[in-house]
Amino acid sequence: MSGEIEQTTATRFLLGELAEDEQERLERRLLEDGAAGEAVAAAEDDLLDAYAAGELPRRQRLAFERRLRGSAALRRRAAFARALARATGAGSATGAGRPAGVVVPGPGLRRGFAAPLASLAAAASLLLAVACGWLLWRGTAMTERLASLETEAAVLTAERDALATRSGELDRRLAGERAAATEIEAALAARDRRLADLEAELESRRTAPPPAPVTASFVLSAALRSEFGSRRLELAPGVERVRLTLDVGTREDYPSYLAVITGPTGREVWSQRGLPPAAGAAGTAVDLILPAAVLADGRHEALLYGEPASASAEPELVGAFEFEPVRRGS
């Protein structure tokens, strides 16, 4: 569309009666051409006057009322136009009732102000459209950013919860492993103490002298032989050695002695040479220490020989002692 906009076209534009492509072309022109805006504003003034005066056909009135419902500013202008129409209508009806010198503004007078107002309105509309577009874009961007941040927050919250759960599991495992380590350390400490005790006991056994064998001691006197017969020797359980003190009853001068023990069968079961003499109760005595195992139950005889100083001389019998070992519990 070129040149000025026809009033009919502007009116149809305002009532939404143009085809869609025509409507779009005129909207673009209004943004670029101030004169086109003035023409549309003038057509809008005429529509307001006709609507206020009740002169619009039914179809145009319904279309204009739809436009009114969408614009509060237009509704205010329509109310003003209706009030003005009622005032001017009352003056015309009374004739002389109009005050002298009072000029009632009509459509022409309003149209004189319409051109600059239309330019301002077009500029304001353009600025408002730009501002609304920017706000819409900004709001959309902020909405998208907010949605993105909420998504990231949800992801981070889920990761935090997962990490908290994992941390709790690891803490429980660590506590269990620490408890197990404590038990193992206690067991190792007990084992070390036991080993130390065993080593100390072993060392004490290594360094301690062996226990002395259990020895049973008896005195056999030649004087008691003829009076009481064989001497009964009671051996307690656990006796390992037997010490026999052979008291000859007379004083002998041999430097050493030979002792021979015979068993119940008369066979020799033990003997020892080079025994030193000792002082007895009534004369010379000789101590014998022999294993208890060689003495069986029954009659035994201990023969004591004096060994002369000369190696070529034969030992001489100085005493014979009978005794009978008896083990307790047998």
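Each reported figure results from applying straightforward, stated rules to the coordinates on display, with no laboratory input. Values in this document were obtained by computation on a predicted structure and should not be read as measured data. Virtual Cβ from ideal backbone geometry, glycine too; neighbours counted across all protein chains shown.
General observations
- Distance (nanometres) between label positions extended 7 Å along Cα→Cβ at ALA281 and THR165: 10.1
- Listed peptides 63-74, 45-56 by packing density, highest first (mean Cβ within 10 Å): 45-56, 63-74
- Simple label model, 7 Å out from Cα along Cβ direction - ALA153 to SER312, nm: 13.4
- Neighbourhood charge, 13 Å Cβ-Cβ cut-off, centred on ASP297 and excluding it, Lys, Arg +1 and Asp, Glu -1: +2
- Likely footprinting exposure, VAL155, VAL219, fewest C-beta neighbours within 10 Å first: VAL155, VAL219
- Of PHE13, PHE218, PHE321, the sequence from fewest to most neighbouring Cβ atoms within 10 angstrom is PHE218, PHE13, PHE321.
- Here segment 215-327 is treated with +1 on each Lys and Arg Cβ and -1 on each Asp and Glu Cβ, and its dipole about the Cα centre works out to around 280 debye.
- Each Lys or Arg adds one and each Asp or Glu subtracts one; over the other residues with Cβ under 14 Å from the Cβ of SER167, this totals 0.
- Gyration tensor (alpha-carbon) shape descriptor, segment 37-80, a/c threshold 1.5: rounded
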